[in-house]
Every structure is written in C-alpha cells, then in structure tokens.
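Below: one structure, written as structure tokens.
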Amino acid sequence: MLGRLHRRSDNGRYRSSAGRVSISALVLTALASATLSTDSAAAIPTILGPADAQDLRVAERLDPTPPGPVDPPGPTAQVSDDFAGTGPLVGYTTTNPEVLPNVGRVNDRYRAELTDNTRNRTLHFNAAQGRLDAKLVSFPFDYTARNIGIGTLTNSQNAPDPAGSTFMFSGVQVHTTDLAAADSAHVVVGHRGNTKFTIEGKNTVNGNSRVNDVGANTAPTGRADIRIVGNADRTLTVYWQPPNLGPASNDDWQLYRGSGNLPGPTAAFGPSVYIGLITYAYGSGSVPFVGTADRVELAGE
Ligand SMILES: [Ca+2]
C-alpha cells in the first residue's frame with residue numbers, strides 16, 4: 001500500500017530529515033504490508049492510500065474507535081464528501097502527510113492542524129509542495145468546497161488575525177496525476193502577507209508559480225466557498241462567494257478577479273487530475289492555525 005515517488009532533484013532540499021523521520025514513524029506504525037526502499041532518503045514524497053498509516057495515525061489521534069471499511073481510491077471513489085463525524089479522511093490519495101500530520105474529520109468538518117512550519121515544510125509555492133488530500137476526477141468537472149478557510153485551534157469558525165505580515169491558507173488544489181511534479185493550480189482563503197482576509201489564486205508549472213488575489217477583506221470571515229470548473233479543453237474557471245450555509249439556490253458565484261482565470265500559464269493537465277484540499281503557511285509567524293471546510297461537492301454525484 002505504501003508507494004513512493006521521487007521528487008525532482010531541484011526539490012530535494014525541501015524535505016530531507018523530515019522525510020526520514022516520517023519513514024521511521026511509518027515503520028513504527030507497523031505497516032505489515034509496507035515495502036520500503038532505502039535509497040536517497042532525501043527524496044520523498046510519500047503517497048498513501050486511504051487505508052495506510054496516515055489515516056490510522058489520524059484516527060488514533062482524533063478518535064479512539066478503529067476506522068471502519070474505506071472506499072477504494074481512484075476514479076471509483078466518491079468525490080463529494082461532507083466529512084461526517086470524526087476520524088480519518090476517507091478514500092483520499094494523500095501526498096506528503098509527514099509535513100502536516102494532523103488532518104482528518106472533526107465534528108463534521110475537514111480539519112488540518114498547522115502547528116509546525118519548520119523550513120516552510122507545509123508550503124505550496126514554486127517547487128515546494130506541502131500536503132494534498134485529493135481524489136481523481138476527469139474533465140469536464142464542477143467542484144465546490146463549502147465554507148473553507150482558516151480558524152484558530154480552539155474555534156475553526158473564528159479566523160486568526162496575527163499582527164504583521166502572515167501567510168496562512170486553506171483551499172482547493174488541482175494537480176496533475178504526476179503527484180511528484182510541481183504542476184498544479186490552487187485557490188485558497190486566508191491571509192496573504194499584508195493582504196488579509198483574501199482569496200489567493202496560483203498557477204504552478206514545472207515548479208514556477210504565478211500568484212495574485214482578489215484584494216484585502218474580500219473574505220472577512222477568513223472563509224469562503226470556492227468553485228473550480230474544469231472545462232472540456234482542460235482549462236479551469238474559478239468562482240468564489242461568501243460562505244453560503246443555506247441551499248445551493250442561494251449561491252451567488254463571482255468569477256475570480258472578474259475573469260475566472262488564475263494568473264499566468266496553467267499546467268498541461270491530462271484527461272484526469274487530482275483535486276482536493278490543502279492547508280499551508282509561509283513563515284513561522286503564521287502558525288498555529290487550522291484549515292477548515294464544511295464539505296466538498298462534485299456536480300453530478
Ligand atoms: Ca460537513
């Protein structure tokens with residue numbers, strides 16, 4: 001169940017010792033079926049299926065009840081998820097769990113506790129790729145994340161607002177099926193430096209990121225609904241709105257920066273992509289916080 005992908009050499013510095021610690025931890029969790037190679041410990045990232053050590057570890061931490069049967073990963077797994085209950089995420093393909101180990105379902109929400117950003121280990125920018133919990137979808141698709149953004153450790157529905165420039169986000173990432181390659185697009189909610197309570201859009205192609213946002217105080221609660229439409233030509237159209245906690249008939253989607261386009265070129269996506277949730281920070285002054293989301297929806301499911 002435990003597979004490994006080798007990061008490109010220009011990414012190697014991003015995770016060295018952290019990767020070795022993670023492998024040790026995984027071994028200690030007694031994954032009987034795991035097959036570990038011992039080459040080039042500097043290269044991780046680990047790719048875990050839903051029944052792997054990460055889920056078990058989160059389950060142990062979040063809920064003393066052992067996890068039940070899980071959906072198989074991949075295109076047969078249901079993408080829509082209301083994160084019901086408390087326990088591990090179910091049916092996700094997870095990259096780099098060691099940089100953000102405490103992710104799961106808590107009280108019917110996605111919750112990612114970001115308490116350690118040593119060496120910007122959680123970052124998604126240029127060649128740096130933090131944790132992604134995703135499922136496989138095929139173009140065209142229409143994916144929405146509800147009430148997603150940042151909160152405090154004690155109240156996920158209360159956004160932190162530390163003084164000064166901070167970078168703290170949670171949102172949706174679309175990634176090529178080569179999870180080791182830094183080719184992705186994302187839309188995240190939180191604080192972007194001195195631009196607080198905003199929505200950031202980012203395209204990353206071959207480890208080069210282009211970034212902008214929709215301006216300060218456009219997401220005053222630190223949370224928003226994010227909608228990413230994958231078009232038949234494999235481009236993306238992005239929408240957002242203040243959190244709609246009511247029926248979908250109350251939706252009032254706004255195109256991202258008026259066009260729906262993320263900045264710069266978009267990765268050359270294949271017929272399928274991974275889509276899911278990320279939570280990350282930049283700099284030590286931006287922690288701790290939690291990433292939170294009420295649910296995700298794939299239209300048509
Ligand atoms: Ca929920």
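Kindly indicate which of 139, 125, 83 is away from the ligand (no atom under 16 Å from the Cβ), modelled with pLDDT of 50 or more and either touching a helix residue (DSSP H, G or I) at 6+ places or on another chain (Cβ under 6 Å) or within 19 Å of residue 169 (Cβ to Cβ) (or both). Give the derivation first.
Numbers: 139 fails: either touching a helix residue (DSSP H, G or I) at 6+ places or on another chain (Cβ under 6 Å) or within 19 Å of residue 169 (Cβ to Cβ) (or both); 83 fails: away from the ligand (no atom under 16 Å from the Cβ).
Every option except 125 fails the conditions.
For the stretch 73-140, give me every one of the strands (runs of 3 or more DSSP E) that falls completely inside it and has 2 or more residues that are among the hydroxyl-bearing types (Ser, Thr, Tyr). Show your work before the answer.
Working: elements: 93-95, 103-106, 109-114, 132-138.
Where strands (runs of 3 or more DSSP E) fall fully within the stretch 73-140 and carry at least 2 residues being among the hydroxyl-bearing types (Ser, Thr, Tyr), they are 93-95.
So is residue 220 out of contact with any Asp or Glu (no Cβ under 9 Å at 6 or more places or on another chain) and within 28 Å of residue 82 (Cβ to Cβ) or not? Break it down stepwise before answering.
On the way: out of contact with any Asp or Glu (no Cβ under 9 Å at 6 or more places or on another chain): yes; within 28 Å of residue 82 (Cβ to Cβ): yes.
Yes: the conditions hold for residue 220.
Could you check how many residues of the stretch 271-296 are under 15 Å from residue 134 (Cβ atoms), in contact with an Asp or Glu (Cβ under 9 Å, 6 or more places away or on another chain) and not hydrophobic (A, V, I, L, M, F, W, C)?
Total satisfying the criteria: 3.
Test residue 273 against the stated conditions and say whether it is away from the ligand (no atom under 16 Å from the Cβ) and either of a type in the set (Ser, Thr, Tyr) or buried (at least 21 other Cβ atoms within 10 Å of the Cβ) (or both). Explain how you work it out, then say what you get.
Values: away from the ligand (no atom under 16 Å from the Cβ): yes; either of a type in the set (Ser, Thr, Tyr) or buried (at least 21 other Cβ atoms within 10 Å of the Cβ) (or both): yes.
Considered against the rule, which asks whether it is away from the ligand (no atom under 16 Å from the Cβ) and either of a type in the set (Ser, Thr, Tyr) or buried (at least 21 other Cβ atoms within 10 Å of the Cβ) (or both), residue 273 comes out as yes.
If you scan the stretch 180-213, which residues turn out to be crowded, with 23+ Cβ neighbours inside 10 Å and among the aliphatic types (A, V, I, L, M)?
Scanning the stretch 180-213 gives 182, 185, 187, 188, 189, 199.
List the strands (runs of 3 or more DSSP E) that sit entirely inside the stretch 255-301 and contain at least 3 residues that are of a type in the set (Ser, Thr, Tyr).
On the way: elements: 272-282, 289-293, 295-298.
In the stretch 255-301, 272-282 are the strands (runs of 3 or more DSSP E) which contain 3 or more residues that are of a type in the set (Ser, Thr, Tyr).
Being β-branched (Val, Ile, Thr) and farther than 18 Å from residue 291 by Cβ is the requirement here; does residue 273 meet it? Walk me through how you get there before you give the answer.
Details: β-branched (Val, Ile, Thr): yes; farther than 18 Å from residue 291 by Cβ: yes.
Yes.
Kindly indicate whether residue 300 is in contact (Cβ under 8 Å) with a residue 24 or more places away in the chain, away from the ligand (no atom under 16 Å from the Cβ) and touching a Pro at 6+ places or on another chain (Cβ under 6 Å).
Details: in contact (Cβ under 8 Å) with a residue 24 or more places away in the chain: yes; away from the ligand (no atom under 16 Å from the Cβ): yes; touching a Pro at 6+ places or on another chain (Cβ under 6 Å): no.
Considered against the rule, which asks whether it is in contact (Cβ under 8 Å) with a residue 24 or more places away in the chain, away from the ligand (no atom under 16 Å from the Cβ) and touching a Pro at 6+ places or on another chain (Cβ under 6 Å), residue 300 comes out as no.
The values are calculated or read from the model by the stated rules, or taken from the named source; none is laboratory data. Treat the numbers as computed from the prediction; the structure is a model and nothing was measured. Quick reminder, even Gly has a Cβ in these numbers, built from the backbone with ideal geometry, and neighbours come from all protein chains shown.
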